[in-house]
2 protein chains.
Amino acid sequence: MRYSHKLSDAVHILAYVAIYHDDDLSSAAIAASIESNPALVRRLMGALRRAELLTTQQGSATPQLARPADRISLLDVYHAVEADTPLLHVDDKTNPACIVGGNIQATLRGAYAEVQDAAERQMAAITLASLIVDIRQREQQRNHA
Amino acid sequence: MRYSHKLSDAVHILAYVAIYHDDDLSSAAIAASIESNPALVRRLMGALRRAELLTTQQGSATPQLARPADRISLLDVYHAVEADTPLLHVDDKTNPACIVGGNIQATLRGAYAEVQDAAERQMAAITLASLIVDIRQREQQRNHA
DNA sequence: AATGGTGTAACTTATAAAGTAACATCAAAT
DNA sequence: ATTTGATGTTACTTTATAAGTTACACCATT
């Protein structure tokens, strides 16, 4: 498969909405910033809306963050767009007639769950607000140079 | 793409070598346990050998762990087989002529590095030895029922 | 030398992500 | 009320990566 950019693009959308709240927030405008296409943006916005991170309105391009950026975590966004795709994947096609093949799936599910939990705890500690601060700081530095 | 099972299959190989050390350790035998094919097993064993986790010999099927299982971590295996594939992927095709598109790549690289570090710390805390203990315990329970 | 496995490369297939197109639906403007 | 323009969603196509397959030189043991 290709590497998924759903999380990156979803964060991009939220940051774009937060920063450009007074400008054109159409899916086409956001797609131009992502260098992607409007349908992808609308699909991701749909997932963000269902996760209650973003409010949108059909017909008019006026999406808004559903709550302040300091109360939206990277984990919230991850759950919104990658809920059913864990970071590590168990091979579920092993031979049950073998000590290893018959048990390693459950063993790895446990181990991977610990890794996933650690990653998600870190994601929970990163807010959209902090990401936006970082984006703005980098923009300052770009304009300085 | 398809979901990568490299890490799972590499752990499978190491556990198989550790548990079945007196039996047939040919790539074909291990492939049968993974329900995969010998070439995949040999490719993964090559990566494990290059990472100095496994010793193999051409011509004879006698691979061995390069060091005790309690000194091989899940992180070691991850680095061996997925070194160049981080858990989260930045979209590197965003529009630089935009505050968000021009800076979000660097911002997300930083955030994702923190997530990766948290995940890797947890992987480092999980040893092959503990996974093998878990596999054996589950086998006991299977035989009990 | 013969046998049988490894190590590795080239090619094919499968599958998930992203791109594309189409269109009903809704909101705003006139 | 009708027109306009964007959304929400689906279906289909394209692309990229993992896994499967094949082939064969190489090595070790017999």
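The values are calculated or read from the model by the stated rules, or taken from the named source; none is laboratory data. Since the structure is predicted, the reported quantities are computational estimates derived from the model, not experimental observations. Here the Cβ positions follow ideal geometry from the backbone for every residue, glycine too, while neighbour counts run over all protein chains shown. Side chains included, ligands, DNA and RNA excluded: accessible areas come from the protein's heavy atoms. Shrake-Rupley method; radii C 1.70, N 1.55, O 1.52, S 1.80 Å.
Just one of the numbered conditions (1) farther than 20 Å from B:S4 by Cβ; (2) among the acidic types (D, E); (3) open to solvent by 60 Å² or more (accessible area, probe 1.4 Å) is not true of B:D134: (3).
None of A:D70, A:D76, A:D9 is in contact with a strand residue (DSSP E or B) (Cβ under 7 Å, 6 or more places away or on another chain) and outside any loop (DSSP other than H, G, I, E, B) except A:D70. Candidates are the residues of the stretch A:1-48 that are within 13 Å of the chain's Cα centre (by Cα) and of a type in the set (V, I, T); the one that is nearest to DNA strand D (Cβ to nearest atom) is A:V41.
Screening the candidates B:T85, B:T62 for the property of being in contact (Cβ under 8 Å) with a residue 12 or more places away in the chain, farther than 16 Å from B:Y16 by Cβ and surrounded by fewer than 18 Cβ atoms within 10 Å (Cβ to Cβ) yields one hit, B:T85. Checking each residue of the stretch A:116-136 against the condition of being more than 30 Å from B:I126 (Cα to Cα) and charged (D, E, K, R) gives at least one match.
Taking (1) open to solvent by 50 Å² or more (accessible area, probe 1.4 Å); (2) within 14 Å of chain A (Cβ to nearest Cβ); (3) more than 23 Å from B:D117 (Cβ to Cβ) in turn, B:D92 satisfies each apart from (3).
Residue-level analysis places B:I126 outside the set of residues that are farther than 29 Å from B:R43 by Cα and either buried (at least 16 other Cβ atoms within 10 Å of the Cβ) or at pLDDT 95 or above (or both). Taking each residue of the stretch A:1-19 that is farther than 12 Å from A:V41 by Cα and facing chain B (nearest Cβ under 7 Å) and looking for partners that are among the small types (G, A, S) and not in a helix (DSSP H, G or I) with beta-carbon atoms closer than 9 Å, six or more apart or interchain, yields A:M1/B:S4. Just need a number here: residues in the stretch B:65-82 that are at the interface with another protein chain (Cβ under 7 Å from one of its Cβ atoms) and surrounded by fewer than 19 Cβ atoms within 10 Å (Cβ to Cβ). Number satisfying all stated conditions: 0. Can you find, within the stretch A:95-110, the residue that is nearest to DNA strand C (Cβ to nearest atom) among those that are buried (at least 22 other Cβ atoms within 10 Å of the Cβ) and among the hydrophobic types (A, V, I, L, M, F, W, C)? Looking at the filtered set, the residue picked out is A:V100. I'm checking my understanding of the structure. Among residues of the stretch B:25-36 that are more than 19 Å from B:V77 (Cβ to Cβ) and not in a loop (DSSP other than H, G, I, E, B), which one is farthest from DNA strand C (Cβ to nearest atom)? Here the residue is B:A32. Select from the stretch A:111-122 the residues that are exposed (fewer than 15 other Cβ atoms within 10 Å of the Cβ) and more than 7 Å from every other protein chain (Cβ to nearest Cβ) and list them in ascending order. Listed by number, the residues that qualify are A:A113, A:D117. Counting just the residues of the stretch B:37-59 that are part of a strand (DSSP E or B) and open to solvent by 60 Å² or more (accessible area, probe 1.4 Å), which one comes out farthest from DNA strand C (Cβ to nearest atom)? Per the stated criteria, the residue is B:T55. Any residue that is open to solvent by less than 80 Å² (accessible area, probe 1.4 Å), closer than 25 Å to B:D134 by Cα and of a type in the set (D, E) - is there at least one of those in the stretch B:6-25? Scanning the stretch B:6-25, I find at least one residue that is open to solvent by less than 80 Å² (accessible area, probe 1.4 Å), closer than 25 Å to B:D134 by Cα and of a type in the set (D, E), so the answer is yes.
Of all residues in the stretch A:8-24, those satisfying the criterion of being more than 21 Å from A:H79 (Cα to Cα) and of a type outside the set (A, V, I, L, M) are A:Y20, A:H21, A:D22, A:D23, A:D24.
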